[in-house]
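One structure is given here, and the rest of the page talks about it.
Nothing in this text is a laboratory measurement; each read-out follows from the coordinates by a stated rule. Bear in mind that the values here come from a model prediction, so they are computed numbers and not experimental data. Every residue, glycine as well, gets a Cβ built from its backbone with ideal geometry; the counts of neighbours run over all protein chains shown.
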Amino acid sequence: MLSERSSNEFWLDQLKEHLKLRRYSPQATRRRLAAASHFLSYLKRRAVAIEMAEPANICSHLQNELNRFRRRHRHAPWSSMADWRRSHTAGIEMLLRLVRGEWPPIPQPSTPLEKFHRDLCSQYDEWMSSLRGLALVTRSQRCAEAGRFLGWLEGRGSEAGVHGITVADIDGYMTVRARGHRRTTVREVATSMRSFLRYLHVAHRTATDLSTSVVGPTLYSLERIPSALRSEDVKKVVQTTRQDHSREGLRDYAILMLLSRYGLRAGEITSLRLDDVDWRRDVLRIRHSKTGVHSELPLLPPVGAAILGYLRKGRPRTDARTIFIVHHAPYGPFRSGSSLYGLVRNRLIAAGIDGQCRLGPHAFRHARAVSLLRAAVPPKEIGDILGHRSAESTAVYLKLATSDLRAVALEIPRSVNA
């Protein structure tokens, strides 16, 4: 059996090897090892084994570190408290993931009511997955909303209390959730509530289907005009990025080519895998993140050249199978499509395209739809290219072709004779 000292040394060696494999810089490695070592010393003074560490131990340790910093320097850290905290917890949490397998630990229900809420949300998730076929992201959002509603009910959220949910309860919860949110957000809350209440009725936990009693805001069809880049702006940002021959520049250029030539969703780009490019057939296989279906698009030569240039000269060495990789340790895939927003925004600013709101990856998708409309491509084919499930999804882009609409507009007479 390992002594406490040898056990700590063992885990520090494991952390050092882990950082080396993930190709962290020497400076970052030293910081994380030092933070982990200080935490292990703190646990030793309190006779707590690393295997038994809890989030409360980290909070207490950070408070001790902060007090010691203030005593030594006579002031608080110059950086923001969030940055200071992150610099101390990064190595500690990495160490705990090695020891425990996952961190932070999933909290276990401490009361029968919490256990009922967890089990009910788990059953709800299974229902959405097996019978509705909803995506993981959608299920997670709706389960989170169900948990918030059950928590808001407090004692009335028990197994017996759920049977007695009333319309007044639903109205009260929606009133609270609507505070400080835009109509689109409130509509999403209403949609999630209808789904959960429908499940409660199907599962015989409520006598009536209360989903029809959820009142949400009215959003009129096609009431908003999507953000879109002008064709000259698209060309400008692509050409500007092409001049950056760094590793990040090669990656970002390939991403912008996929955005501008195909109008792909950001999530479809971040999920592209090495085997999704069929170089023999010149085919690109796309997993449509919203509809869950697959499609094949012809691999355009400029796009293929951009991807190949990144794979040969820009992509870091990693075991990850996704094409595009984050260019800092730990080298791995982007977490989600939203990770591309800052990347695209920075490239737009570097190209001198700024001051316009909501110009992220989706603006390229909208611009591509407009270019296809102006090329007289039928809406059905545009929907197929963009991976739309219904014609209504494509119809929203008709509003963006304003110059084409002006060409067919009727002239309004200046005066009308009585």
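Which of rounded, prolate or oblate describes the stretch 244-350 when judged by the alpha-carbon gyration tensor and an a/c cut-off of 1.5? Since a/c stays below 1.5, the shape of the stretch 244-350 is classed as rounded.
At full extension, Glu154 and Phe10 could sit 47.3 nm farther apart than now, given 0.36 nm per residue minus the alpha carbon distance.
Taking neighbour Cβ counts within 10 Å as the exposure measure, how do Asp275, Asp282, Asp125 sort from fewest upward? Could the numbers behind the result be given before it?
Values: Asp275 9, Asp282 12, Asp125 18.
Ordered from fewest to most neighbouring Cβ atoms within 10 Å, Asp275, Asp282, Asp125 come out as Asp275, Asp282, Asp125.
Distance between the pseudo-spin-label points of Asp119 and Arg86 (7 Å out from Cα toward the beta carbon): 4.0 nm. Could you check the spin-label model distance between Ala168 and Leu300? Points 7 Å from the Cα along Cα→Cβ, value in nm. Result for the modelled spin labels: 6.1 nm. Contact order, relative form, for the stretch 4-100: 40 percent (alpha carbon pairs under 8 Å, 6 or more residues apart, mean separation divided by residue count). Please work out how many pairs of lysine residues in the chain are eight or more positions apart (or on different chains) and have Cα atoms closer than 30 angstrom. Step by step, the pairs that qualify in the chain add up to 15. In whole Å, how far is the Cα centre of the stretch 66-91 from that of the stretch 150-166? That distance is 43 Å. The mean of 1/r over all distinct Cα pairs in the chain, once inverted, gives the Kirkwood hydrodynamic radius of 26.1 Å.
Projecting label points 7 angstrom from Cα along Cα→Cβ for Arg205 and Thr184 puts them 3.0 nm apart. Using only the C-alpha atoms, the convex hull of the stretch 4-100 corresponds to 103 Å³ per residue.
Please find the FRET efficiency linking Val215 to Ala375, where r is the Cβ-Cβ separation and R0 is fixed at 35 Å, and quote it to the nearest 0.05. Calculated transfer efficiency: 0.20. Loop-resident GluC sites (Glu not before Pro) (DSSP state other than H, G, I, E or B) in the stretch 99-193 with no more than 12 further Cβ atoms inside 10 Å of their Cβ: Glu102.
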